[in-house]
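Asker: Submitted below is the structure of interest, expressed as structure tokens.
The values are calculated or read from the model by the stated rules, or taken from the named source; none is laboratory data. These numbers come from a predicted model, not from an experiment. Here the Cβ is made from the backbone with ideal geometry for all residues, glycine too, and neighbour counts use every protein chain on show.
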Amino acid sequence: MIVVTDLSHDRDGVATLKNINLSIERGGVTALIGPNGAGKSTLLSLMSRLLPIQRGTIMVDDLQIGRCPNDVLARKLAILPQSNDTAPLLTVRELVSFGRYPYHKGRPDQRDREKVEEAIVALGLQPLAERRLDSLSGGQRQRAQVAMTFAQDTDYVLLDEPLNNLDIAASRSLMAVLQELARNHDRTIVIVLHDINYAAAYADRIVAMKDGQIVASGSPDEVLTETLLWTVFETNPKVHRIGAKVMVQV
Amino acid sequence: MLHKRLCVLALLLLCVCVAGYLLLGSRGNWGFVLSFRGNKLVALLLVAVSVSTATVLFQTVTQNHILTPAIMGFDALYLLILSVSVFVLGAQQFVHLSETGRFLLNTTLMMGAALMLFGTLLGRARSDLFRMILTGIIFAGLFRSITGFIQRMIDPNDYVVVQFSSFARFSRINLPLLAIAAALTFAGCFAAWRMRHRLDVLALGSDAATNLGVNPREGMFQVLFVVSVLVSVSTALVGPLAFLGLLVVSVARQITPTETHGLLLPSAALVCAITLVGGQLVLEHLLNLNTPLIVVVDMIGGLVFLGLLLRRKRR
């Protein structure tokens, strides 16, 4: 369980997060939504120790972010950073192999190699395994990154807007993969999403943020209402309910 | 497998160059010839290893394959120290200074300057590598203009001494000095080799490194510290070597196209050693020229740099 207590953050004197209290249960996909500048990415960066914590605490199970050793946390929590143009000359297999680095520190054994193969198979990357990253499409590269976090074998996976620059097919297949990871591999996924409909379709929980504060959290059905969308985004789209599914008309 | 074979081949080529350099055209007392040439050979090899390693490390932390630590103004600082000391002491005094003393002074000053520059990275919440590089380039410009100013005021006879020392020369270097330089170079290279797996991770970028449990700021600072040791030692030992690192590392990347530092560090060192020893062999013993090798290397290196830039643009 990720527990955020009294978390505040300033950037250049402007408060980007104001006294956040939030707990994310184990299992499932949790989506962070909100307008630009609401503090979603800041919150995710603080959770993943990409930014130093100024006030408040974040606990991931029994590990306190900023206090526990980096490599211990790397076996508990993985991040998929926003930019994915890293190391274009690596092959897919080489990139995925890096996911095992927190365990073997440069000297992989048989088990590490098996885990890498498992990750490549789980994400259907076998035909691309020997291709270099700069020869892949955006969606395939994103998939390779996810395979790396899969090989990293962590309980928690945090993703910052992974659907940027992906077309509908790549977006849907990535979200389906994440959902499958959460359901069948017992991973806890926290994801920042811009498109509310993807959050509605694939998330088990939605946390809505505005001006550095949490406005609502709960199942898509509870959170996505016309009044809430007006409070959070200051726009008034129609919300349709088809059975248990919610759809926001854009 | 292929990489290993290539490395063995390069090692053989290096041995040929070394043997050629030691033996070709030698007449007279063997003991004298071998110790005289052996001394220069050791200097060439030390510089080769330290320049190539420093360049690989620097390119890794900056995630940029067309940068070289020379761009940060180490050469400019060396020339400034040289000009100021000739200006203050006069050429006669300067020439009689002890070599070891000058080497230690140069190394200390350059490492001090480098650490001050790299230290600015640690103060910030978000390390801004490119601001640091830009600061280095601007300081290099400042150093160069001060050097130019001093050289205009210098006695023309003294200026000849400055000009002579402005190019890297692998002339005979005394033994104690060579020993100190060797110790520092070995320490630097050993540290780099110990870090090779961590370097692979750092090359992925700071966010990805954090994800894999490597603290990027700590790693970056350690790497830059090693770079400052290696660059200071090689520059203080023989003089400025602007494009050498860039040239040999890009050639090494062509021969062994890999991101694995366990392979890249030795292959770059081998290419650099072959370039220096082989180049010196051709220049000194085959062509009987007295031109410093580095003039030739800089010209080719400059062309390679331009080529890299243009190829980048086309892609």
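Asker: Could you say whether any residue in the stretch A:96-115 is of a type in the set (A, V, I, L, M, F, W, C), touching a residue at least 40 places away in the same chain (Cβ under 8 Å) and surrounded by 15 or more Cβ atoms within 10 Å (Cβ to Cβ)? Working first, answer last.
Answerer: Taking the stretch A:96-115 as the starting set, the residues that turn out to be of a type in the set (A, V, I, L, M, F, W, C) are A:96, A:98.
From the residues that got through so far, the ones that are touching a residue at least 40 places away in the same chain (Cβ under 8 Å) too are A:96, A:98.
Within this subset, residues satisfying the condition of being surrounded by 15 or more Cβ atoms within 10 Å (Cβ to Cβ) are A:96, A:98.
Yes, the stretch A:96-115 contains at least one residue that is of a type in the set (A, V, I, L, M, F, W, C), touching a residue at least 40 places away in the same chain (Cβ under 8 Å) and surrounded by 15 or more Cβ atoms within 10 Å (Cβ to Cβ).
Asker: With (1) closer than 26 Å to residue B:140 by Cα; (2) surrounded by fewer than 20 Cβ atoms within 10 Å (Cβ to Cβ) as the list, and residue B:207 as the residue in question, which single condition is left unmet?
Answerer: Of (1) closer than 26 Å to residue B:140 by Cα; (2) surrounded by fewer than 20 Cβ atoms within 10 Å (Cβ to Cβ), only one is false for residue B:207: (1).
Asker: Give me the helices (runs of 4 or more DSSP H) completely within the stretch B:241-315, filtered to those with at least 3 residues that are closer than 22 Å to residue A:91 by Cα, ordered by residue number.
Answerer: Working: elements: B:244-255, B:261-281, B:293-314.
Once the helices (runs of 4 or more DSSP H) in the stretch B:241-315 are filtered for at least 3 residues that are closer than 22 Å to residue A:91 by Cα, what remains is B:244-255, B:261-281.
Asker: Taking the condition in contact with a Lys or Arg (Cβ under 7 Å, 6 or more places away or on another chain) and modelled with pLDDT of 90 or more, does residue A:215 pass? Let's see the steps before the verdict.
Answerer: Values: in contact with a Lys or Arg (Cβ under 7 Å, 6 or more places away or on another chain): no; modelled with pLDDT of 90 or more: yes.
Against the criterion (in contact with a Lys or Arg (Cβ under 7 Å, 6 or more places away or on another chain) and modelled with pLDDT of 90 or more), residue A:215 does not qualify.
Asker: Against the definition (part of a loop (DSSP other than H, G, I, E, B), outside the structural domain of residue A:141 (by TED's automatic domain parsing) and of a type in the set (A, V, I, L, M)), how does residue A:50 come out, yes or no? Talk me through it step by step, then tell me what you get.
Answerer: On the way: part of a loop (DSSP other than H, G, I, E, B): yes; outside the structural domain of residue A:141 (by TED's automatic domain parsing): yes; of a type in the set (A, V, I, L, M): yes.
Yes, satisfied.
Asker: A follow-up question, please. Considering B:161, B:229, which residue is more than 16 Å from the chain's Cα centre (by Cα) and closer than 20 Å to residue B:101 by Cβ?
Answerer: Numbers: B:229 fails: more than 16 Å from the chain's Cα centre (by Cα).
None of the other options fit; the residue is B:161.
Asker: Same structure, new question: If you go through the stretch A:97-104 one residue at a time, do you hit one that is within 30 Å of residue A:9 (Cβ to Cβ) and either in contact with a strand residue (DSSP E or B) (Cβ under 6 Å, 6 or more places away or on another chain) or among the hydroxyl-bearing types (Ser, Thr, Tyr) (or both)? Working first, answer last.
Answerer: Let us first name the residues in the stretch A:97-104 that are within 30 Å of residue A:9 (Cβ to Cβ), namely A:98-99, A:101-102.
Going one step further and asking which of them are either in contact with a strand residue (DSSP E or B) (Cβ under 6 Å, 6 or more places away or on another chain) or among the hydroxyl-bearing types (Ser, Thr, Tyr) (or both), we end up with A:101.
Yes, the stretch A:97-104 contains a residue that is within 30 Å of residue A:9 (Cβ to Cβ) and either in contact with a strand residue (DSSP E or B) (Cβ under 6 Å, 6 or more places away or on another chain) or among the hydroxyl-bearing types (Ser, Thr, Tyr) (or both).
Asker: For the stretch A:131-150, give me each residue that is outside any helix (DSSP H, G or I) and either at pLDDT 90 or above or buried (at least 17 other Cβ atoms within 10 Å of the Cβ) (or both).
Answerer: A:131, A:136
Asker: Part of a helix (DSSP H, G or I) and under 30 Å from residue B:232 (Cβ atoms): does that describe residue B:12? Explain how you work it out, then say what you get.
Answerer: Details: part of a helix (DSSP H, G or I): yes; under 30 Å from residue B:232 (Cβ atoms): no.
Spelling it out, it is not the case that residue B:12 is part of a helix (DSSP H, G or I) and under 30 Å from residue B:232 (Cβ atoms).
Asker: Taking the conditions exactly as written (buried (at least 21 other Cβ atoms within 10 Å of the Cβ) and under 18 Å from residue B:297 (Cα atoms)), does residue B:224 satisfy them or not? Can you show your working first?
Answerer: On the way: buried (at least 21 other Cβ atoms within 10 Å of the Cβ): yes; under 18 Å from residue B:297 (Cα atoms): no.
For residue B:224, the condition - buried (at least 21 other Cβ atoms within 10 Å of the Cβ) and under 18 Å from residue B:297 (Cα atoms) - is not met.
Asker: Which pairs have Cβ atoms under 6 Å, sit 6 or more apart or on different chains, and link a residue in the stretch A:45-57 that is touching a residue at least 40 places away in the same chain (Cβ under 8 Å) and over 14 Å from residue A:20 (Cα atoms) to one that is surrounded by 19 or more Cβ atoms within 10 Å (Cβ to Cβ) and of a type in the set (Gly, Ala, Ser)?
Answerer: A:51/A:45
Asker: Can you tell which of B:16, B:61 is free of Cβ contacts under 8 Å to residues at least 40 places away in the same chain, farther than 24 Å from residue B:163 by Cβ and of a type in the set (A, V, I, L, M, F, W, C)? Give the derivation first.
Answerer: Working: B:61 fails: free of Cβ contacts under 8 Å to residues at least 40 places away in the same chain.
Being free of Cβ contacts under 8 Å to residues at least 40 places away in the same chain, farther than 24 Å from residue B:163 by Cβ and of a type in the set (A, V, I, L, M, F, W, C) holds for just one of B:16, B:61, which is B:16.
Asker: Check whether at least one residue in the stretch B:74-91 is in contact with a helix residue (DSSP H, G or I) (Cβ under 7 Å, 6 or more places away or on another chain) and among the charged types (D, E, K, R), and report yes or no. Outline the logic, then answer.
Answerer: Step one: filter the stretch B:74-91 for residues in contact with a helix residue (DSSP H, G or I) (Cβ under 7 Å, 6 or more places away or on another chain), giving B:74-87, B:90-91.
Add one more test, that the residue is among the charged types (D, E, K, R), and what stays is B:75.
Yes.
Asker: Output the residue which, of all residues in the stretch B:200-215 that are in a helix (DSSP H, G or I) and at the interface with chain A (Cβ under 10 Å from one of its Cβ atoms), is nearest to residue B:55 (Cα to Cα). Spell out how you get there, then give the answer.
Answerer: Of the stretch B:200-215, the ones in a helix (DSSP H, G or I) are B:200-202, B:206-211.
Checking the rest, the ones that are also at the interface with chain A (Cβ under 10 Å from one of its Cβ atoms) come to B:200-201, B:206-211.
On the way: B:200: 15, B:201: 17, B:206: 19, B:207: 23, B:208: 22, B:209: 20, B:210: 23, B:211: 26 Å.
Here the answer is B:200.
Asker: Looking at residue B:280, is it free of Cβ contacts under 8 Å to residues at least 24 places away in the same chain and among the polar types (S, T, N, Q)? Step through it out loud before you land on a result.
Answerer: Values: free of Cβ contacts under 8 Å to residues at least 24 places away in the same chain: no; among the polar types (S, T, N, Q): yes.
No; evaluated as a whole, the condition is false for this residue.
Asker: Which of the residues belonging to the stretch A:103-154 are within 12 Å of another protein chain (Cβ to nearest Cβ), more than 19 Å from the chain's Cα centre (by Cα) and more than 25 Å from residue A:168 (Cβ to Cβ)?
Answerer: At the first step, the residues of the stretch A:103-154 found to be within 12 Å of another protein chain (Cβ to nearest Cβ) are A:103-108, A:132-134, A:145, A:148-149, A:151-152, A:154.
Going one step further and asking which of them are more than 19 Å from the chain's Cα centre (by Cα), we end up with A:103-108, A:132-134.
Passing the criteria: A:103, A:104, A:105, A:106, A:107, A:108, A:132.
Asker: Select, from A:160, A:195, A:204, the only residue that is at negative phi, touching a residue at least 40 places away in the same chain (Cβ under 8 Å), surrounded by fewer than 20 Cβ atoms within 10 Å (Cβ to Cβ) and within 17 Å of the chain's Cα centre (by Cα).
Answerer: Details: A:160 fails: surrounded by fewer than 20 Cβ atoms within 10 Å (Cβ to Cβ); A:195 fails: touching a residue at least 40 places away in the same chain (Cβ under 8 Å).
One residue alone meets the criteria, A:204.
Asker: Same structure again: Residues to consider are A:112, A:160; find the one that is acidic (Asp, Glu) and in the same structural domain as residue A:197 (by TED's automatic domain parsing). So that I can check it myself, show each step before the final result.
Answerer: Details: A:112 fails: in the same structural domain as residue A:197 (by TED's automatic domain parsing).
The unique qualifying residue is A:160.
Asker: Taking the options A:174, A:158, A:89, A:166, name whichever one is under 27 Å from residue A:24 (Cβ atoms) and in a loop (DSSP other than H, G, I, E, B).
Answerer: Details: A:174 fails: in a loop (DSSP other than H, G, I, E, B); A:158 fails: in a loop (DSSP other than H, G, I, E, B); A:89 fails: under 27 Å from residue A:24 (Cβ atoms).
Just a single option satisfies the conditions, and that option is A:166.
Asker: Further question on the same structure: Which residues, counting only those in the stretch A:44-90, are polar (S, T, N, Q) and within 10 Å of chain B (Cβ to nearest Cβ)? Lay out the reasoning, then the answer.
Answerer: Here is the first cut: in the stretch A:44-90, the ones polar (S, T, N, Q) are A:45, A:48, A:54, A:57, A:64, A:70, A:82-84, A:86.
A:45, A:48, A:54, A:70, A:82, A:83, A:84, A:86, listed by residue number.
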